[in-house]
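Please read the structure below before turning to the comments.
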Amino acid sequence: MTSSGVAPRQDGGAALRLLRDGELTVEGRLVDASNTTLRGVLTLDGMSARCVYKPVRGERPLWDFPDGTLAGREVAAYLVSAATGWDLVPPTVLRDGPFGTGSCQLWIDEPADAEPLVGFVPADSVPPRWFPIAAARDDDGTAYALAHADDPRLARLAVLDAVINNADRKGGHVLVGPDDRIHGVDHGVSFHVEEKLRTVLWGWAGRSLPDDAVDMLARLSRQVAGPLGEELAEHLTLGEIAELAARIDRLCRGGRFPQPSQDWPAVPWPPI
């Protein structure tokens with residue numbers, strides 16, 4: 001990103017203005033994504049930045065989510081993340097683009113030397129302060145463990161996923177930015193009214209929530225009942241917003257990270 005003024009990551013208002021009003025030029029397609037996912041460049045008033053653009057017309061139909069709603073859910077996840085004050089989801093808007101209306105999210109560049117926080121590690125040498133989540137073997141039969149770091153930044157992301165009912169928290173959806181912040185991306189299958197939580201971040205399951213998470217949830221509950229709920233109504237149904245409020249209330253009252261469901265696959269596939 002280049003800028004004649006303040007960099008968007010340092011000024012959320014500048015980032016949102018660039019995302020909403022910048023000229024969007026598509027650079028190419030991210031071929032590993034199941035839905036049409038395009039990388040582009042935004043330019044506005046001497047400022048430029050890369051972005052991820054997901055047009056609604058490129059969304060693959062799903063049996064459990066209404067057609068044409070995934071882009072709006074991406075924006076809703078950003079709005080909730082912003083309301084938490086934790087800055088976990090990169091700035092995201094709904095806008096028109098070269099292939100029609102879609103979500104547009106600020107691109108996060110991961111430094112080449114960024115330490116991974118989630119991944120497969122040899123089963124007999126899980127790093128200290130890492131949680132093993134699931135067992136696996138490679139084609140040669142060597143044992144591995146799907147694991148993640150016991151890192152407070154990831155714990156916050158696990159709380160956010162529980163709030164938004166994220167059905168697809170893969171390891172590859174956890175990015176470490178150049179400022180050493182972590183970022184969660186790909187939230188199109190979130191906010192369902194039924195329990196759908198699927199994640200690789202189960203290390204804290206059943207444990208007490210951190211104090212800062214309890215305080216945040218109390219504030220978030222009030223915001224959903226007020227201005228945040230009104231913003232979310234542009235992207236979610238009233239039933240989905242009501243269930244969001246109910247999940248926040250359950251987390252507040254329980255004070256613990258959720259446990260994996262016995263009725264729904266707990267880990268997405270592929271997990272990374």
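The values are calculated or read from the model by the stated rules, or taken from the named source; none is laboratory data. Please read all numbers here as calculations on a predicted model, not as lab measurements. Cβ sites come from the backbone with ideal geometry, for glycine too, and all protein chains shown count toward neighbours. The accessibility values were calculated without ligands, DNA or RNA, using every heavy atom of the protein model including side chains. Shrake-Rupley method; radii C 1.70, N 1.55, O 1.52, S 1.80 Å.
Please tell me if G40 is modelled with pLDDT under 95, in contact with a Leu (Cβ under 9 Å, 6 or more places away or on another chain), open to solvent by less than 40 Å² (accessible area, probe 1.4 Å) and part of a strand (DSSP E or B). Please lay out each step first, then the result.
On the way: modelled with pLDDT under 95: no; in contact with a Leu (Cβ under 9 Å, 6 or more places away or on another chain): yes; open to solvent by less than 40 Å² (accessible area, probe 1.4 Å): yes; part of a strand (DSSP E or B): yes.
Taking the combined requirement at face value, the residue does not satisfy it.
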Notebook entry, point to check: List, please: which pairs have Cβ atoms under 7 Å, are six or more places apart or on different chains, and start with a residue in segment 12-31 that is within 24 Å of L88 (Cα to Cα) and open to solvent by less than 60 Å² (accessible area, probe 1.4 Å) and end with one that is part of a strand (DSSP E or B) and of a type in the set (V, I, T)?
Noted result: L16/V93; L19/V93; G22/T43
Check: Do you know which residues across segment 76-103 are in a helix (DSSP H, G or I), open to solvent by 10 Å² or more (accessible area, probe 1.4 Å) and touching a strand residue (DSSP E or B) at 6+ places or on another chain (Cβ under 8 Å)?
Finding: Y78
Note to self: Which numbered condition in (1) outside any helix (DSSP H, G or I); (2) out of contact with any helix residue (DSSP H, G or I) (no Cβ under 6 Å at 6 or more places or on another chain); (3) within 19 Å of V80 (Cα to Cα) is the only one that Q259 fails?
What the structure shows: (3)
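Identify the residue in segment 167-181 that is of a type outside the set (D, E, K, R), surrounded by 21 or more Cβ atoms within 10 Å (Cβ to Cβ) and in contact (Cβ under 8 Å) with a residue 60 or more places away in the chain and, among all such residues, is nearest to P111 (Cα to Cα).
In this case the residue turns out to be G171.
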Notebook entry, point to check: Only one residue in V193, V163 is among the β-branched types (V, I, T) and either assigned to a loop (DSSP other than H, G, I, E, B) or open to solvent by 10 Å² or more (accessible area, probe 1.4 Å) (or both), so which one is that?
Noted result: V193
Next item on the list: Would you check which residues across segment 250-267 are under 16 Å from L160 (Cβ atoms) and touching a residue at least 24 places away in the same chain (Cβ under 8 Å) and list them?
Entry: L251, C252, R256, F257, P258
Notebook entry, point to check: Given the conditions (1) surrounded by fewer than 19 Cβ atoms within 10 Å (Cβ to Cβ); (2) in a strand (DSSP E or B); (3) at pLDDT 95 or above, which single one is not true for G68?
Noted result: (2)
Checklist line | Checking P55 against (1) over 20 Å from I241 (Cα atoms); (2) surrounded by fewer than 17 Cβ atoms within 10 Å (Cβ to Cβ); (3) modelled with pLDDT of 95 or more, the condition it does not meet | finding: (2)
